[in-house]
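Below is one structure, written out as structure tokens; the observations come after it.
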Amino acid sequence: MEDAEELQRIAPCPSLAVESIIRVGTAGAIWGLCAGPYDARKQGLTGVSHAAFVAKSIGGFGFQCGLVAGIFTSARCGLQRYRRKDDLVNSLVAGAAAGAAVAASTRSWNQVVGTTCLVSVLCTAADYFKQV
């Protein structure tokens with residue numbers, strides 16, 4: 001357990017970001033693979049349009065999850081090195097940055113604020129329970 005924590009302190013931020021993008025992006029792609037066929041059937045798609053919808057779903061979920069993971073990991077690692085502290089404030093701020101970046105494309109302040117708060121709280125809780 002201590003070796004993993006020591007490696008995280010030694011590893012550069014870009015390495016951590018790439019690793020989290022790959023890991024969480026893959027999880028998002030798997031989610032898209034599971035949710036895509038269900039949504040396509042719900043919309044009544046068949047054949048090539050069904051396959052195209054599923055492929056788009058896989059790519060969309062994978063990209064979005066990877067984007068959130070990359071922004072969160074980069075921001076958290078950068079804050080940790082800047083502040084020279086490893087505490088929950090880093091996760092709170094990095095989660096807010098990741099949530100705001102993803103929700104900014106909606107151009108709705110309600111969605112930006114809601115997503116920012118939600119992602120920030122979820123990231124902080126995940127980081128807290130990882131440390132316990």
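Things worth noting here:
- If you check Ala29, Ala55, Ala40 for being in contact with a Cys (Cβ under 9 Å, 6 or more places away or on another chain) and more than 16 Å from Cys123 (Cα to Cα), only one passes: Ala29.
- The set of residues in region 53-75 being surrounded by 21 or more Cβ atoms within 10 Å (Cβ to Cβ), among the hydroxyl-bearing types (Ser, Thr, Tyr) and more than 27 Å from Gln43 (Cα to Cα) consists of Thr73 alone.
- If you go through region 83-105 and pick out every residue that is over 13 Å from the mean Cα position of the chain (by Cα) and either at positive phi or polar (S, T, N, Q) (or both), you end up with 3.
- Positions within region 76-97 being closer than 10 Å to Cys123 by Cβ and at pLDDT below 85, in sequence order: none
- Residue in region 75-96 that is among the hydrophobic types (A, V, I, L, M, F, W, C) and in contact with a Phe, Trp or Tyr (Cβ under 9 Å, 6 or more places away or on another chain) present: yes
Per-residue answers, yes or no, for (1) buried (at least 19 other Cβ atoms within 10 Å of the Cβ); (2) in contact (Cβ under 8 Å) with a residue 60 or more places away in the chain:
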{"site": "Cys77", "(1), (2)": "yes, yes"}
{"site": "Arg83", "(1), (2)": "no, no"}
{"site": "Val89", "(1), (2)": "no, no"}
{"site": "Ala101", "(1), (2)": "yes, no"}
{"site": "Thr106", "(1), (2)": "no, no"}
{"site": "Thr115", "(1), (2)": "yes, no"}
{"site": "Val119", "(1), (2)": "yes, no"}
{"site": "Thr124", "(1), (2)": "yes, no"}
{"site": "Asp127", "(1), (2)": "yes, no"}
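So that you can scan it fast, the table gives a plain yes or no per residue for (1) within 18 Å of the chain's Cα centre (by Cα); (2) of a type in the set (D, E, K, R); (3) on the phi < 0 side of the Ramachandran plot:
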{"site": "Leu16", "(1), (2), (3)": "yes, no, yes"}
{"site": "Leu67", "(1), (2), (3)": "yes, no, yes"}
{"site": "Arg81", "(1), (2), (3)": "no, yes, yes"}
{"site": "Arg107", "(1), (2), (3)": "no, yes, no"}
{"site": "Asn110", "(1), (2), (3)": "no, no, yes"}
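The values are calculated or read from the model by the stated rules, or taken from the named source; none is laboratory data. Keep in mind that this is a model prediction, so the values were computed, not measured. Don't worry about glycine lacking a Cβ; one is built from the backbone with ideal geometry, like all the others, and counts go over all protein chains shown.
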